[in-house]
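The values are calculated or read from the model by the stated rules, or taken from the named source; none is laboratory data. As the structure is a computational prediction, the values presented were derived from the model and not from experiment. Note that we place each Cβ from the backbone using ideal geometry, even for glycine, and neighbour counts take in every protein chain shown.
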């Protein structure tokens, strides 16, 4: 297969970040609120039962403020809930450790060396990407970055993937997409007509008919990148 471009998901595919309860615990402690990881995890689970993540496309950053408000209420935090919720939404990435997976670093450098176009399609917000990419030294690295804000749409909607192809001016048959979630990434990209691989570093996926790779280095074994 001749490859002109490789599109990646971001979180779980190229980068790993601190676990949510640990980030929340760190922020709360700084604001004088002591809660255990277990308490925060339970508060988060309860909050997410009341929210629909598809609303991210409509509410954008305000979604995370509402998410934080619900968690803080569930934790019975004695503070100005709205103010702290906005602080958490704005400063989240100041408290979260972000690193590139080692195989991601290797393959991105190889693709760049070979002048293969690269892009990111993420169900994150522009405000997230603006803080994450500089943390890992990849600001201005990709040929295209598609976030929720771009079209007010989210993976697995076909339009998100097709938009990236249009912007890259690349034929569908010459592009591959790699992500770590079956529904949003694998099925979304496949339904949009892209050659797709699911990155499964921990060998957790048993679903038949899914093209999995255990490392981004496998792109070399598949002769997608040589």
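Some points to look at:
- Per the listing 36, 18, the residue uniquely modelled with pLDDT of 95 or more and crowded, with 16+ Cβ neighbours inside 10 Å is 18.
- Scanning the range 165-186 for residues that are closer than 20 Å to residue 213 by Cβ and over 16 Å from the mean Cα position of the chain (by Cα), we see that the one that is surrounded by the most Cβ atoms within 10 Å (Cβ to Cβ) is 175.
- Within the range 13-49, the residues that satisfy the criterion of being under 20 Å from the mean Cα position of the chain (by Cα), over 18 Å from residue 91 (Cβ atoms) and part of a loop (DSSP other than H, G, I, E, B) are 13, 14.
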